[in-house]
1. Taking residue 256 as meeting all but one of (1) surrounded by fewer than 16 Cβ atoms within 10 Å (Cβ to Cβ); (2) touching a helix residue (DSSP H, G or I) at 6+ places or on another chain (Cβ under 6 Å), write down the number of the exception.
2. So, in the stretch 189-248, of the ones that are in a loop (DSSP other than H, G, I, E, B) and in contact (Cβ under 8 Å) with a residue 40 or more places away in the chain, which residue ends up most open to solvent (accessible area, probe 1.4 Å)?
3. Quick one: would you say residue 147 is touching a residue at least 24 places away in the same chain (Cβ under 8 Å) and within 27 Å of residue 185 (Cα to Cα)?
4. The conditions are (1) open to solvent by less than 50 Å² (accessible area, probe 1.4 Å); (2) touching a Leu at 6+ places or on another chain (Cβ under 9 Å), and residue 117 fails exactly one of them. Which is it?
5. Can you tell me which of (1) part of a strand (DSSP E or B); (2) buried (at least 20 other Cβ atoms within 10 Å of the Cβ) is the one residue 12 doesn't meet?
6. Here is a check on your reading of the model: is residue 183 within 14 Å of residue 39 (Cα to Cα), open to solvent by less than 30 Å² (accessible area, probe 1.4 Å) and aliphatic (A, V, I, L, M)?
7. Which of (1) open to solvent by 40 Å² or more (accessible area, probe 1.4 Å); (2) of a type in the set (A, V, I, L, M, F, W, C); (3) modelled with pLDDT of 75 or more does residue 165 not meet, given it meets every other one?
Amino acid sequence: MGTDISAWRPAVPGVVEVLHARFTDHAYPAHTHDAWTLLLVDSGTVTYGLDHREHGAPPASVTLLPPHVPHDGRNATAEGFRKRVLYLDTPALGADLVGAAVDHPAFADPALRLRVHQLHGVLRAGEGLAAEERLALVVDRLRAHLTRRSPAPPDPPRPGLAHELRDLLDARVTDGLTLADAATELAAGSGPAVGPERLVRAFTREFGIPPHRYLTGRRVDLARRLLLDGVPPAQVAPAVGFYDQAHLTRHFRRMLGTAPGAYARSGGRHRRAAP
């Protein structure tokens, strides 16, 4: 009673688990995780002990609990609390930042909170590349807080990086690729190692949209051609890289304002029989 939980393991590098939960009377005993715990409280207030100090996690803040450090947790109000949690692989931020997170586990940063909120949205929607992009930007901003530097410092120049990534995306429109794989391939090809966050920033700065939106647009373009050739939407979806017809329909409507089936039927009166 008073408990509602949804948990899953997304196929996104760096994310171990996602947890959405509502509690009214549950209190966590002292425990540890082998991953970073990135917490948003959406309603109510959570109080917790970390390294023998008491902290609060109100809805306006972002909380980051480091791996292997004991902590507990409980609601601070009678109505309980609702939270969303991302458990991130230890290498996502690095073990060298554990001490900084113990000293400063909470961030009053509206931009960071918005980015984490958006990351939860694309994870729930199953948008893998979009989730990688948002995770890279979230991690970059967390590192900025933990190392007390300004977020997103200027990248050392690498001319053509955005175009190199676009070439990779064009070659993998239907198969797709992760940002981590793209970074590995680009480093092996013609230059020094680049991180996912740098790829996202370079691509967005050059082309005005992030990589996942570019790839989605390419897939929708391919879908349009197949639909007008008479291929059924259920077959078009996997052929162009979408999970299923519902996934195709969601993006098709967003970009074109109509469903794939209606789009295909709209051209029927213009088709001519083959001679």
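The values are calculated or read from the model by the stated rules, or taken from the named source; none is laboratory data. Note that the coordinates shown come from a computational prediction; the quantities given were computed from them, not determined experimentally. Positions of Cβ are generated from backbone atoms using ideal geometry, with glycine treated the same way; all protein chains shown enter the neighbour counts. The protein model used for the area step is the full one, side chains on, heavy atoms only, and it has no ligands, DNA or RNA in it. Shrake-Rupley method; radii C 1.70, N 1.55, O 1.52, S 1.80 Å.
1. With respect to (1) surrounded by fewer than 16 Cβ atoms within 10 Å (Cβ to Cβ); (2) touching a helix residue (DSSP H, G or I) at 6+ places or on another chain (Cβ under 6 Å), residue 256 is out only on (2).
2. So, considering only residues that are in a loop (DSSP other than H, G, I, E, B) and in contact (Cβ under 8 Å) with a residue 40 or more places away in the chain, the one most open to solvent (accessible area, probe 1.4 Å) is 243.
3. So residue 147 fails the test.
4. Among (1) open to solvent by less than 50 Å² (accessible area, probe 1.4 Å); (2) touching a Leu at 6+ places or on another chain (Cβ under 9 Å), residue 117 violates only (1).
5. For residue 12, the exception is condition (1).
6. Details: within 14 Å of residue 39 (Cα to Cα): no; open to solvent by less than 30 Å² (accessible area, probe 1.4 Å): yes; aliphatic (A, V, I, L, M): yes.
Spelling it out, it is not the case that residue 183 is within 14 Å of residue 39 (Cα to Cα), open to solvent by less than 30 Å² (accessible area, probe 1.4 Å) and aliphatic (A, V, I, L, M).
7. Only one criterion in (1) open to solvent by 40 Å² or more (accessible area, probe 1.4 Å); (2) of a type in the set (A, V, I, L, M, F, W, C); (3) modelled with pLDDT of 75 or more is unmet by residue 165, namely (1).
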